[in-house]
Amino acid sequence: MNIIGPDYLVFGVDDVTACVQYLIDYGLTPVDVDATGGYLEALDGTGIVIRHRGDARLPAPLETGTTLRETVYGVADEAALHAIDTELSKDRHVSLGEDGVLRAVDDMGFALGFRITQRRELSLAGEVSNAPGSATLRAINSLGASNDMPARPRSLSHVVCFVPDADKAEAFYARLGFVCTDRFIGTGPFLRPAGTQDHHTLFFIQTPGFMKGIEHFTFHMAGPTEVMVAGSRFVEKGYQSFWGPGRHQLGSNWFWYFNSPMGCHVEYDADMDLHDDTWQARSELSSADTSQYFLFRHTEKWMPGGKPE
Ligand SMILES: [Fe+2]
């Protein structure tokens, strides 16, 4: 089933204004936003819907009250939609909305949607670094960074959810063609759907008891410099860094996580590994040592001889 990845996520929040402003400051563009919330998008049209948690347009909430109300995946074509419909109709209710979204609920209770993707194809250079011996170099006289360089989220990358039974969750998504690219033993799998080579668009964190909900989502940036620039600007706007910047081990993605008024973390990421079906999944115990190659902490600008820290 040719699922490409999440096209958009739908949130039901307490403070719509704060969440919309947060996502604008994060770098998304409001497309259809009014006092009741709306849609904010990245450069390729993937994005986030913000509504008040009591908004009647939202799917029913999970019993845990998580703010994530729906994940809508983009698929390649009508055949993929049909295959998903056929598979999920075996054991659950599937409906097609007037918005062209095929809807069902997964085995954890998360509301899912599937539509022919509306993401726009991007033709934008990624970050290129100059390195002796490399055939790919930045163009002569082009600068590697600048104070006014854009650092805009390009595409919705992945979602991470807490689940009480990660094996059961993985088995459900395997029915839709997701494969495990790597695994944190006792925590959960990194899952890649068939329509992308990205290391993961979904990761589960096994939790004790009933805990269930979103931990974070993230958008891809052009490269590590954009992660640093966008994150630094975000800090300067007053938002609180949670974890990062750093570089993960499984997936090799650069990361920087922030607290948010959506009740989950929000990340910038870049330069994730790409895999195909020849890739052999690794298994690691999750720990500080295995979850990152290195970790930095943001600090205000200073220079030797300048103002003391
Ligand atoms: Fe992440």
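Against the numbered list (1) in a helix (DSSP H, G or I); (2) more than 15 Å from the chain's Cα centre (by Cα), Asp32 comes up short only at (1). When Pro189 is tested against the conditions (1) part of a strand (DSSP E or B); (2) surrounded by fewer than 20 Cβ atoms within 10 Å (Cβ to Cβ), the lone failure is (2).
His158 passes every criterion in (1) away from the ligand (no atom under 16 Å from the Cβ); (2) part of a strand (DSSP E or B) apart from (1). Of all residues in region 156-174, those that are β-branched (Val, Ile, Thr) have Cβ atoms under 6 Å from Cβ atoms of residues that are more than 12 Å from the ligand (Cβ to nearest atom) and in a helix (DSSP H, G or I), 6 or more apart or on another chain, in Val163/Ala169.
Within region 50-105, the set of residues being basic (Lys, Arg) and part of a strand (DSSP E or B) comprises Arg51, Arg69, Arg103.
Out of Gly38, Gly27, I need the residue that is without any contact (Cβ under 8 Å) to a residue 24 or more places away in the chain and at positive phi. Which one? Selected residue: Gly38, the only one of Gly38, Gly27 that is without any contact (Cβ under 8 Å) to a residue 24 or more places away in the chain and at positive phi.
Given the criteria surrounded by fewer than 16 Cβ atoms within 10 Å (Cβ to Cβ), part of a strand (DSSP E or B) and either modelled with pLDDT of 95 or more or among the small types (Gly, Ala, Ser) (or both), does Phe184 qualify? Against the criterion (surrounded by fewer than 16 Cβ atoms within 10 Å (Cβ to Cβ), part of a strand (DSSP E or B) and either modelled with pLDDT of 95 or more or among the small types (Gly, Ala, Ser) (or both)), Phe184 does not qualify.
Elements of the type strands (runs of 3 or more DSSP E) sitting completely within region 198-298 and holding at least 2 residues that are surrounded by fewer than 19 Cβ atoms within 10 Å (Cβ to Cβ) and away from the ligand (no atom under 16 Å from the Cβ): these cover 282-285. Pairs are defined by a Cβ separation below 7 Å, a sequence spacing of at least 6 or placement on different chains, a first member in region 248-266 that is without any contact (Cβ under 8 Å) to a residue 24 or more places away in the chain, and a second member that is near the ligand (Cβ under 10 Å from one of its atoms); the pairs so defined are Asn259/His265.
The values are calculated or read from the model by the stated rules, or taken from the named source; none is laboratory data. Treat the numbers as computed from the prediction; the structure is a model and nothing was measured. Here the Cβ is made from the backbone with ideal geometry for all residues, glycine too, and neighbour counts use every protein chain on show.
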